[in-house]
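Each remark here refers to the structure printed beneath this line.
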Amino acid sequence: VMNSDQVESIVRRIVVSLRTETDLAELERALRSINKGVAEGDERKPTQVAAARVLHSSGRFAASARDRDSGPLAQKLALVKDEPVCLQGVHSRLLSLHAQGHDASRITQIINHEQNLGAGVEQVRATLAELSKNVGVWANTVLEPVYLNVYVGFRDIRVQVGDAVLSRRAFYALGVDLHGYRSLLGVWVCETDATRFWRGLGNDLKARGVQDIMLLLLDVDGSCGDGFESVFPAVRMQVHLRDVTWRSMQYVPKMDGRALRTGLKMLSKAEDEAAAAKLLADLARQWGERYPYVFNYWQLHWPMCCWQLSKPPMLRRAMHMDTCLDVIARVFNVIDRYPQPFVDNTLAAHSIYMLLADAAIAWQKPVVNWRVLLNEFLRDHEPRLRAFL
């Protein structure tokens, strides 16, 4: 059964689709029939009752955006709210569409379709003008002095450079501080993930107040963090187990993908490194002849997985932040919903940052079992952390 909000949405879409007076007359007859049945106490379907309740409140509505200046039809219809539509909750989405090169009319169409709004083009244009004044403000935010765990991932995007569309890589960093709270440290767009970029990333974090990082988890690809250690020499670098699983499975056909992926996911739940190595050897005997690339990939990155596999599964869950990464993956899927190249690197980084910062992540709640992670580092590196506690 649809609620009143869903019925109101359907009625609005019907109104927008009207083109002639004949369509309007047929709609009015249908609505009068629903109202008459409810007024007489007739037990209609709940959908009709909800529709009638929405229509009884039609005095609070005005003409739809499309028919606002269309003459008699606009004067007879009263199904879109009078008060201005609030775009506060979709600022990040507005800016991301603007950064992808969509014009104001197209942005208005997309936002109204996705969010079921009745915003106008001028309102969207004025909102974008205000948002554009704060581009890059987050890059000057002062960060915490020390982070227990920092995850750096990336997503490939396209950027318009002159007449050409070039591939770029958008890196993002999530950090967990000493109190267990997650925060988005920043977004950086670069040509490649070469050593120069990683050194620049470390220098940027250090300039914003970061003095030490205990653990750096990386999305495996390319240089895999080369150059970051020159800025933070004491950092421990590991690759995220889920990223190794995903990238090793990218050439496995769908018919065997589920079974093999299920086996590889058990590595993150192994009791210790020896149990994980035994499980990987068993999987290699079963699947290695058919898919040698998967296990060659794991063997190549195994030295960057050993430290976390030697820790208890509870500690691994605290450092991996899988729930946050799932939400971030859905955010990037929203960006890909209307694919178009970003207009420049700066606006691309700012719009992606805003989308990730507005994501449905429990930013105000500490990571589950973060004390386990803290005590693990206190056990081995208490002198490094004593000044920050």
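The values are calculated or read from the model by the stated rules, or taken from the named source; none is laboratory data. This structure is a prediction, so every number in the text was calculated from the model and none was measured. Because the Cβ atoms are built from the backbone with ideal geometry, glycine has one as well, and the counts that use them run over all protein chains shown. All accessible areas refer to the heavy atoms of the entire protein, side chains included, with ligands and DNA or RNA removed. Shrake-Rupley method; radii C 1.70, N 1.55, O 1.52, S 1.80 Å.
For a quick check of your reading of the filter: which chymotrypsin sites (Phe, Trp or Tyr not before Pro) in region 210-304 sit in a DSSP loop and have no more than 15 other Cβ atoms within 10 Å?
Hits after loop and neighbour filter: Tyr251.
Summing +1 for each Lys or Arg and -1 for each Asp or Glu, what net charge is found among the other residues whose Cβ lies under 15 Å from the Cβ of Leu148?
Result for the neighbourhood of Leu148: +3.
Semi-axes of the equivalent ellipsoid of region 141-206: what are they in whole Å, largest first, if each equals the square root of 5 times a C-alpha gyration tensor eigenvalue?
Its equivalent ellipsoid spans semi-axes of 27, 12, 9 Å.
Net charge near Gly175, counting Lys/Arg +1 and Asp/Glu -1 over other residues with Cβ under 14 Å of its Cβ?
Summing Lys/Arg as +1 and Asp/Glu as -1 gives -1.
Convert 10 °C to kelvin, take the viscosity as 1.306 mPa s, use the Kirkwood radius over C-alpha pairs of region 207-254 as Rh, and evaluate the Stokes-Einstein diffusion coefficient in µm²/s, rounded to a whole number.
Calculated translational D: 127 µm²/s.
Considering only protein heavy atoms, with the full assembly of protein chains and a 1.4 angstrom probe, order Cys324, Cys306, Cys86 by accessible area, largest first.
Most to least solvent-accessible, the answer reads Cys86, Cys306, Cys324.
When the gyration tensor of region 98-139 is built from Cα positions, what are the square roots of 5 times its three eigenvalues, in whole Å, from largest to smallest?
21, 11, 10
Check which residues have an amide H placed less than 5 Å from Leu215's amide H, if you skip close sequence neighbours.
Asn149, Val150, Arg236
If you wrap a convex hull around the C-alpha atoms of region 244-311 and split its volume per residue, what is the figure in Å³?
Dividing the Cα hull volume of region 244-311 by its residue count gives 73 Å³.
Taking R0 as 25 Å, what FRET efficiency do you get between Asp103 and Asp358 from their Cβ-Cβ distance, rounded to the nearest 0.05?
The calculated FRET efficiency here is 0.65.
Using only the heavy atoms of the protein chains and a 1.4 Å probe, how would Tyr291, Tyr338 rank by accessible area, largest first?
If we order Tyr291, Tyr338 from most to least accessible, we get Tyr338, Tyr291.
Could you order Ser248, Ser268 so the one with the most accessible surface comes first? Probe is 1.4 Å.
Output order, biggest surface exposure first: Ser268, Ser248.
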